[in-house]
Amino acid sequence: MRDNLDELRHIEGFPLGEDEDLHALSDPPYYTAYPNPHIAEFIRQYGKPYDEATDDYHREPYVSDVEAGKEDPVYQAHAYHTKVPYKAISTFIKHYTEAGEIVFDGFCGSGMTGVAAQMTNRNAILSDLAPAATFISSCYNRSITDVVFAGVAQQLLADLRKECGWLYRTADPAGNTGIINFTVWSDVHCCPYCRTESVLWDIAVEPISKTVRDEFQCPSCNAVLTKATMPKVHHADGVAKTVPVWIDYSVG
């Protein structure tokens, strides 16, 4: 394709950028950051020729309500404006098409139509004038093996540890370097009688079972309190005051 980009530059929407960058983003024939010259071949392989004389396609308009939440992990994997949950789109794809057919979305955004097509055993062609949109769509829809995915994930974790690992290092009493596994933070509450501030973990949590007592005493005035009767303490900016009370770490 390196020699053929000049033939595509006249097409409206051809992205601005160096050819090397466009090729680096692309994964032809499945995805290109420029107008994809392989679409005709894809349609010949997966499409069904249209013959007006013999075509008997008919669907009644879909008139039922469609509900789909946005809590699905696929939907939440990447943000995008005007995004529609793929489960809602699947309803229309199943109504208007048959398995194995091609679904075309010329304004694909984040590629949810492609995801819906794959989930319902259809093929999809996705296009958008925004290079960012087609790139996100490609990442949502391209095939990848679990081995490749695991390798990429491990590399991301290694890069993250290299850049941010120092944030999770601590030292034990002997000075040995440890890696923080997790930190428990506790809210700071105020006694409604003497106004003494106390860390809830210190006065309300059983040290062995780590359960919160129903009632406990104020360490200053000995008043009997509950979590509900002790107001939280807030910083001047309105954020609740918290302190670390338990750091779990590993050495070696």
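The values are calculated or read from the model by the stated rules, or taken from the named source; none is laboratory data. As the structure is a computational prediction, the values presented were derived from the model and not from experiment. No Cβ is skipped: glycine too gets one built from the backbone with ideal geometry, and neighbour counts run over all protein chains shown. Just the protein is used for accessible areas: all its heavy atoms, side chains included, with ligands, DNA and RNA removed. Shrake-Rupley method; radii C 1.70, N 1.55, O 1.52, S 1.80 Å.
Things worth noting here:
- Elements of the type helices (runs of 4 or more DSSP H) sitting completely within the range 118-232 and holding at least 1 residues that are in contact with a Leu (Cβ under 6 Å, 6 or more places away or on another chain): these cover 131-141.
- Single residue of Ala223, Ala150 found to be aliphatic (A, V, I, L, M), loosely packed, with under 11 Cβ neighbours inside 10 Å and either more than 30 Å from Ala33 (Cα to Cα) or out of contact with any Phe, Trp or Tyr (no Cβ under 9 Å at 6 or more places or on another chain) (or both): Ala150
- Pairs with Cβ under 8 Å, 6+ apart, first in the range 128-146 and over 15 Å from Gly106 (Cα atoms), second in a helix (DSSP H, G or I) and among the charged types (D, E, K, R): none
- Selection status of Val74, over 16 Å from Cys139 (Cα atoms), open to solvent by less than 90 Å² (accessible area, probe 1.4 Å), modelled with pLDDT of 90 or more and of a type in the set (Val, Ile, Thr): no
- Hits in the range 113-142 - residues which are within 28 Å of Glu18 (Cβ to Cβ), over 17 Å from the mean Cα position of the chain (by Cα), surrounded by fewer than 20 Cβ atoms within 10 Å (Cβ to Cβ) and not acidic (Asp, Glu): Ile125, Ser127, Leu129, Ala130, Pro131
- Considering the range 234-248, the residues that are part of a loop (DSSP other than H, G, I, E, B), on the phi < 0 side of the Ramachandran plot and of a type outside the set (Asp, Glu) include one that is surrounded by the most Cβ atoms within 10 Å (Cβ to Cβ), namely Lys241.
- Residues of the range 33-71 that turn out to be of a type in the set (D, E, K, R), part of a helix (DSSP H, G or I) and open to solvent by less than 100 Å² (accessible area, probe 1.4 Å), as a count: 0
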